[in-house]
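Asks: Before I ask anything, let me first share the structure, which is written out below as structure tokens.
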Amino acid sequence: MGILSAIMGIFGFGVGTSIGLVIGYYLFIYFQPTDVKDPVIQPLGEQDSKTFQGLLSLIPLWVKMPDYDRVDWLNRFIEIMWPYLDKAICKTAQTIAKPIIEEQIPKYKIDSVEFEALTLGSLPPTFQGMKVYVTDEKELIMEPALRWAGNPNIMVAVKAFGLRATVQVVDLQVFALPRVTLKPLVPQFPCFAKILVSLMEKPHVDFGLKVLGADAMSIPGLYGFVQEMIKDQVAKMYLWPKALEVQIMDPTKAARRPVGILNVKVVRALKLKKKDFLGGADPYVKLKLTEDVLPGKKTTVKHKSLSPEWNEEFNMVIKDPQTQALEIMVYDWEQVGKHDKMGLNTVPLKDLTPDESKVLTLDLLKNMNEDDAQNDKFRGQIVLEMTYKPFKEDEMPDNVEDSNDVQKAPEGTPAGGGLLVIIVHEAEDVEGKYHTNPYARLLFRGEERKTKYVKKNRDPRWDEEFQFPLDEPPTNDKLHVEVVSVSSRMGLLHPKEVLGYVDIKLADVVSNRRINEKYHLIDSKNGKIQIELQWRTS
């Protein structure tokens, strides 16, 4: 009887379950709630403003804002690379977190904290658009709109007081608008020294948190508290203008610090070869350091002399005495046309003994090719006196010079005066009617300065610096800058052509100490010129 009762019980449970499922199905079909309505489908143009506001957050930024660019190529790249990025990022995160955890856990009497699982999941982040800022500084600024609804699995095991607990983070959502700045831009790969990351607004962060297998976020009030706490803490650290700074390159390599001063005295030249038909020459000397972007130093022109004496001194900033060299070039000045090169030579700075004056008599060569037979021909000599003075430890700058910093004027500057520094960076869209070989011409208080000219270029870059020592601030002065095109050949009909000009009031640079702007050129269709002005005082 006992066996028979068990069999009948099992049979009755099976029949009852089947009948219950059938009845439940028909009740669900024939007794639907009356408040369930069919969805209304309407064209987007017929929707009201409230519906549009609800949809607005789902529309990509590049649709709503024209200054955001569409970056589907970047999303596609991340999608393909995500399995590899996932492993690389997690490995890097564990490497960074391990020493931090080991340093912090003794304060809270925790035995250990270990990652049992760490993966960012199969869903990569996407960028809804990206804005790129164009500035006149040596930097690149980007604002990507980041959205990530991921499925990560982050499980951390915590041991303390003989107990073990696991904490799991799942269903992570992050919506953020960061600002990424690469600065300063340098000519060494990867071409920027550090990354600065700021948040332009509080990020949206949503996630699930399981403790011992239970959903901790379901506790009343805890979800909202954790959300706001994360937003406030992240904003406190990284909300603009605060930033997370990541150093990419050694600052001393990215923008090498000055390590000393080279004093060069151009004494004289001997037995220069005649260049003019009448048997004379008008020589001058140009000095330039290799690996230096600043313009070279020039002596005065000595007219009608083949053995001129200058006795002129120049100071040049040294950044690497082991690799840099001083280039010496002697030219014959010409009133019209290109100046003739009379000869050249170089002096490696590593051959100089620090703090020891050295007099050198150098033969002038055709070029620096040792195998060139033309260098055997005597072209004259140049006499120099050189002294390399390295900085002492207490004189070395602690930090790399920032492009936004303004140096002090040299010693001996009058108390009420200073040094006006004009840096002509570049021009854009300068176009001549007959030719475009532009250079910049500066006029200030009756003095004229010129940059070198660039052949056949509508977007020339000069990066040349000019200095004017002044006894008083140029509060009421103007700087006249014009872009001039000169014929690269003997153009008799059109030897020179003005491509545009600008007059700059200098009162602002006295009050701000530094201005770096692009100015629209007058009498030019689209031309612009970028000029940096500095007012340095002692």
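The values are calculated or read from the model by the stated rules, or taken from the named source; none is laboratory data. A quick note: this is a predicted structure, and the numbers were derived from the prediction, not measured. Note: ideal-geometry Cβ built from the backbone for every residue, glycine included; neighbour counts use all protein chains shown. Keep in mind that these areas ignore ligands, DNA and RNA; they rest on the heavy atoms of the full protein, side chains included. Shrake-Rupley method; radii C 1.70, N 1.55, O 1.52, S 1.80 Å.
Asks: With every protein chain kept in place and ligands, DNA and RNA left out, what is the accessible area per residue of region 256-395? Probe 1.4 Å, answer in Å².
Replies: 58 Å²
Asks: If the chain between LYS452 and LYS91 were fully stretched, how many nm would it gain, using 0.36 nm times the residue separation less the Cα-Cα distance?
Replies: 124.8 nm
Asks: Regarding region 311-393, what whole-number volume in Å³ per residue does the convex hull of its Cα atoms give?
Replies: Enclosed volume per residue, from the Cα hull, is 136 Å³.
Asks: Stretch ARG461-PHE161 to full length: gain in nm at 0.36 nm per residue minus the Cα-Cα span?
Replies: Between ARG461 and PHE161, full extension yields 101.2 nm more.
Asks: What does the net charge come to around GLU370 if you take all other residues with beta carbon closer than 15 Å to its beta carbon, with K and R at +1 and D and E at -1?
Replies: Value of the local net charge: -2.
Asks: When the accessible area of region 418-537 is computed with all protein chains present and a 1.4 Å probe, what percentage of it is carbon and sulfur?
Replies: That share works out to 45 percent.
Asks: If you don't mind, another one. Just to be sure I understand the curve: with the Debye formula and one point per C-alpha of region 473-522, what is log10 I(q)/I(0) at q = 0.16, 0.31 Å⁻¹?
Replies: Values returned for q = 0.16, 0.31 Å⁻¹ are -0.60, -1.13.
Asks: Turning to a different aspect of this structure: Expressed as a whole percent, how much of the Cα-Cα distance distribution for region 61-251 exceeds 24 Å?
Replies: More than 24 Å apart: 53 percent of the Cα pairs in region 61-251.
Asks: While we're on this one: Given the options ALA269, THR353, TRP333, identify the residue whose Cα lies farthest towards the positive end of the charge dipole of region 256-395 (+1 on Cβ of Lys, Arg; -1 on Cβ of Asp, Glu).
Replies: The residue sitting most towards the positive pole is TRP333.
Asks: Out of all Cα-Cα pairs in region 256-395, roughly what percent, to the nearest whole number, are more than 18 Å apart?
Replies: More than 18 Å apart: 56 percent of the Cα pairs in region 256-395.
Asks: State the Cα centre-to-centre distance between region 479-519 and region 83-101 in whole Å.
Replies: 53 Å
Asks: With the crude spin-label approximation of a point 7 Å out along Cα→Cβ, what separation in nm comes out for LYS389 versus ASP171?
Replies: A separation of 7.2 nm, rounded to one decimal place.
Asks: If each residue of separation counts as 0.36 nm, what is the full-extension length gain between SER538 and LYS271 once their alpha-carbon separation is subtracted?
Replies: 91.8 nm
Asks: With the Cα gyration tensor of region 418-537 giving a ≥ b ≥ c as the square roots of its eigenvalues, does the rule (a/c under 1.5 for rounded; else a/b larger than b/c for prolate; else oblate) give rounded, prolate or oblate?
Replies: In terms of gyration-tensor shape, prolate.
Asks: How many nm is it between the label spots at THR361 and ASP48, if each spot is 7 Å from the Cα in line with the beta carbon?
Replies: Here the modelled spin labels are 10.0 nm apart.
Asks: In terms of modelled amide H atoms, which long-range or inter-chain residues lie less than 5 Å from the amide H of GLU464?
Replies: VAL424
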